[in-house]
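What follows is one structure encoded as structure tokens, with my remarks underneath.
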Amino acid sequence: MSKTVYKAVADYLVVIITAITLALNYEILIFSNSFAPAGINGIATIIQHLFNFQFGYFSLIINVPLIVFAFIFVGKDFSIKTLVFVLIYSLLTSVVFKNGNGDTEGLIDLSRFVYSSDLSKLLAPVASGAISGVIYGFVIKANGCTGGTDIVARLVRVRHPELNIMWVMFGLNSVVAVLSFFAYAENGKYNLEPVILCLVYCLLSSSVGDIILKGTKNALKFEVVTSHPEEISKEIIERLKHTATVVQAKGMFSHSDKSLLICVVNKNQIVDFEQIVKKYPETFAYLSSVNEIVGNFVHTKKTL
């Protein structure tokens, strides 16, 4: 199996598994706890709560036209993966799963797994928000999305890449939070609890999704200005099992020729790197954090 085919199969497996997980997340943690999540799915949840119009059907009505636009303006691969994701979780929430609350009817009864507690309702948006964040991160990494606001974000980026899409998403989430105040009123009494639960969900899903997208392969990048590039590079290779890139530079105060040495190392090698640099005169270094490493960073470390 070629790498391209393997990657495509892996991406679609991610899309399928995360779509099933999102459907379970909604059925078990969201529908039963009287709050709406972020974005268009939040509006769909409110409509289901108020009018008993199935969440999944509303999701299809909204997302299918958006996916058509995405196919035209964004790309085939992104659109097909998004369609697969939307179809799976929409059909699961509307046809297959039944949560036992009267909100959904389906073939598989999930009522024994539903979490609902008046004493600790905050746990539901915390758990569901974290789960959704993981889902968002992995689906986007597979070049798909969960539909709704995410499709709108991609369409806006295509036409206006200079715009900050976070403000668009913030505006839509604000609408969901305001609607929650009225939609989940009980006996004519309004309260802020559904609004707070919505905001907690939004914060957790965004934060966790951002962590997944940025990756966990953290490292440090050193940039070293020196007159001893060969000696320092040799020690880095022999001692740290990494290599370095050297760029010719010029010191503007002394107008002398220098070398700029760039090296990415693991966090636990910072002390060793500093010891190497301190040995050489006319040398100084500065470092910055690297959130994600791609390419042969790990392979280089193992083989040298």
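The values are calculated or read from the model by the stated rules, or taken from the named source; none is laboratory data. Everything numeric in this text was worked out from a predicted model, so none of it was measured. Cβ coordinates were reconstructed from backbone atoms using ideal geometry, including for glycine residues, and neighbour counts include every protein chain displayed.
Tabulated data for the structure shown
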{"quantity": "Residue within segment 87-95 that is modelled with pLDDT under 85 and either among the small types (Gly, Ala, Ser) or under 21 Å from Ser205 (Cα atoms) (or both) present", "calculated": "yes"}
{"quantity": "Candidate set from segment 228-247 (those that are part of a strand (DSSP E or B) and aliphatic (A, V, I, L, M)); member that is surrounded by the most Cβ atoms within 10 Å (Cβ to Cβ)", "calculated": "Val246"}
{"quantity": "Which listed residue, of Lys250, Lys267, Lys278, is within 20 Å of Ser289 (Cα to Cα), without any contact (Cβ under 8 Å) to a residue 60 or more places away in the chain and loosely packed, with under 13 Cβ neighbours inside 10 Å", "calculated": "Lys267"}
{"quantity": "Among the candidates Leu197, Leu192, residue that is out of contact with any Asp or Glu (no Cβ under 9 Å at 6 or more places or on another chain), of a type in the set (A, V, I, L, M), under 30 Å from Ile40 (Cα atoms) and exposed (fewer than 12 other Cβ atoms within 10 Å of the Cβ)", "calculated": "Leu192"}
{"quantity": "Residue tally, condition in a loop (DSSP other than H, G, I, E, B), touching a residue at least 40 places away in the same chain (Cβ under 8 Å) and surrounded by fewer than 18 Cβ atoms within 10 Å (Cβ to Cβ), over segment 52-99", "calculated": "1"}
{"quantity": "Filter result for the condition that a residue is surrounded by 23 or more Cβ atoms within 10 Å (Cβ to Cβ) and either in contact with an Asp or Glu (Cβ under 8 Å, 6 or more places away or on another chain) or not in a helix (DSSP H, G or I) (or both), over Ala36, Ala44", "calculated": "Ala36"}
{"quantity": "Only listed residue being under 29 Å from the mean Cα position of the chain (by Cα) and surrounded by 15 or more Cβ atoms within 10 Å (Cβ to Cβ), chosen from Val225, Val208", "calculated": "Val208"}
{"quantity": "Helices (runs of 4 or more DSSP H) fully within segment 113-187 counting 3 or more residues that are more than 14 Å from the chain's Cα centre (by Cα) and either more than 13 Å from Asn33 (Cα to Cα) or modelled with pLDDT under 75 (or both)", "calculated": "149-159, 165-183"}
